[in-house]
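So the structure is just underneath, and the comments pick up after that.
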Amino acid sequence: MAQCYNRMWKLLIDKKMSKADLRKAADIAPNTMTKLSRDEAVNLAILGKICSVLDCDFGDIMEYVKDEENHD
């Protein structure tokens, strides 16, 4: 299972916010922002804070990307 936060980065651009602005407004730790940048899993409560700041829903900031399996 993999998650992708590209929607969140696009939303930040639309709202003219930087990653630093989001981090401060949502009170997110720097290491959590690094996880988001790497499309790693983060706590659902963190995503809730982000949705609150951006006034959006979970689907507006992330999507599920199916892992591709190699069948040799």
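The values are calculated or read from the model by the stated rules, or taken from the named source; none is laboratory data. Keep in mind the model is a prediction, meaning the values are calculated, not measured. Positions of Cβ are generated from backbone atoms using ideal geometry, with glycine treated the same way; all protein chains shown enter the neighbour counts. Each accessible area value is taken on the protein alone, full model and side chains, heavy atoms only, with ligands, DNA and RNA left out. Shrake-Rupley method; radii C 1.70, N 1.55, O 1.52, S 1.80 Å.
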If I go through region 6-37 residue by residue, how many of them are out of contact with any Lys or Arg (no Cβ under 9 Å at 6 or more places or on another chain) and under 14 Å from E63 (Cα atoms)?
5
Name every residue in region 1-34 that is open to solvent by less than 20 Å² (accessible area, probe 1.4 Å) and under 21 Å from D67 (Cβ atoms), in order of residue number.
C4, Y5, M8
Cβ-Cβ under 6 Å, sequence separation 6+ or interchain: first residue in region 43-59 and within 12 Å of A26 (Cβ to Cβ) and in contact (Cβ under 8 Å) with a residue 12 or more places away in the chain, partner assigned to a helix (DSSP H, G or I) and of a type in the set (G, A, S). Which pairs?
K49/A26; I50/A26; V53/A25; V53/A26
Taking the criterion of being surrounded by 12 or more Cβ atoms within 10 Å (Cβ to Cβ) and on the phi > 0 side of the Ramachandran plot, would at least one residue in region 35-47 satisfy it?
yes
Being within 14 Å of N6 (Cα to Cα), open to solvent by less than 90 Å² (accessible area, probe 1.4 Å) and in contact (Cβ under 8 Å) with a residue 60 or more places away in the chain is the filter here; which residues of region 60-72 pass it?
E63, V65
Which fully enclosed helices (runs of 4 or more DSSP H) of the chain have 3 or more residues being hydrophobic (A, V, I, L, M, F, W, C) and out of contact with any His (no Cβ under 8 Å at 6 or more places or on another chain)?
6-14, 19-26, 44-54
